[in-house]
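Here the structure comes first, spelled out in structure tokens, and everything after it is commentary.
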Amino acid sequence: MTDTTHDLQRLAASGRVPPPAVMAARARRWGWWYYVEYWLRTARAWFQSILIYMVGEPLLYLIALGVGLGTLVDNGVGTVDGVPYLVFVAPALLISTVVMSTGGELTYPVMAGFKWDRLYYGPHATPVSPAQIATGHFTGVMLRFTVQATIFWGIMRAFGAAPRGVLISALVIPIGVLSAAAFGSVLQAYASTLQDEGYQFAFVQRFVIMPMFLFAGTFFPLSSMPVYLHWIGWISPVWHGTQLARQVTYGAVEPLWLTVLHVLVLGGLTAAGLLWARHNYTRRMAS
């Protein structure tokens, strides 16, 4: 018996189940949040694996790239952007890690919801709309990324890689989630258009996600790259999020207009991608 089934049985036995009309009205209004709750309950099955990943990955990154490579960089060229290399690269690793995680949460699971497991169609048989299902799935994933970014930030603090005050440097958490939302919403919308999975997700991983990780100013300033590669950073949520993250973690200096542009790009991509996803879910589940 699954945890979700057990929870439903306990609710039914409690006698606190509202009348059908009340439940339908609530679903029409709060259906997206009901789907978030469902997603979180099902995620309990692999919570331990996710937790190990969320703790282990930042530790390995910061030790290997921050402490190991950072020692070589600091002894060779000195500081980067006026700070030790560990301080420079850590916020970028947080942003990149969270953004890259969307490749696992908003590709195959979306395909499974429509085709393999068809888990979207159960909620769709209730007053919950397809648009609410899209929003609920997206929101549940973003809550997971909030926990992931919080753990990464805490490890950064332990390594001394976020030297600004706790309240200021903690802003890297919503910045990381916004960066993931900017890419993840578009990725979810794209995944919802696919009827069959050939090599599309592998293509996205190799030719979209990996270039963002390597060429969006993660390991070195974007200005140090050849000019003909700068465009990869400019269109990448990773670069916009990284620049914001560096401002709040160690005080990187940028013009105000550029900071505003970073926020507008990330917010605009999130809104556009989510609207596209809601449209695709509605069209596909109505057919």
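None of the figures in this text is laboratory data; all of them are computed from the coordinates on show. Predicted model, so just to flag it, every value in this text is computed and none were measured. Neighbour counts are summed over all protein chains in view; Cβ atoms, including those assigned to glycine, are modelled from backbone coordinates with ideal geometry.
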Handout entry: residue 42-residue 220 pseudo-label distance in nm [points 7 Å out on the Cα-to-Cβ vector]
Key = 4.4
Fill in the blank from the handout: Per GNM of the chain with C-alpha springs under 10 angstrom, the most fluctuating residue out of 170, 202, 131 is 202
Practice task
Using only the C-alpha atoms of the chain, find the volume of their convex hull and express it per residue in Å³.
Solution key: 151
Exercise for the section: Grab the beta carbon distance between residue 59 and residue 271, set R0 = 51 Å, and tell me the FRET efficiency rounded to 0.05. Expected result: 0.90
Completion exercise
From fewest to most C-beta neighbours within 10 Å, the residues 137, 230 line up as 230, 137
Exercise for the section: Pop a pseudo-label 7 angstrom from the Cα along the beta-carbon direction at both residue 171 and residue 208 and give the gap in nm to one decimal. Expected result: 3.0
Exercise for the section: Starting at the first residue of region 61-67, write each ³J(HN,Hα) from the Karplus equation 6.51 cos²θ - 1.76 cosθ + 1.60 with θ = phi - 60°, in whole Hz, x for Gly and Pro. Expected result: 4, 5, 6, 6, 8, x, 7
Completion exercise
The relative contact order of the chain, taking Cα pairs under 8 Å that sit 6 or more residues apart, comes to a percentage of 25
Fill in the blank from the handout: Inter-part gap, Cα centre of region 241-287 to Cα centre of region 115-173, in whole angstrom, is 14
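Can you tell me how much longer the chain between residue 118 and residue 258 gets when fully stretched, taken as 0.36 nm per residue apart minus their C-alpha distance, in nm with one decimal?
Between residue 118 and residue 258, full extension yields an extra 46.1 nm.
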Exercise for the section: Could you check which residue among 260, 166, 67 shows the biggest mean-square fluctuation in a GNM of the chain with a 10 Å Cα cutoff? Expected result: 260
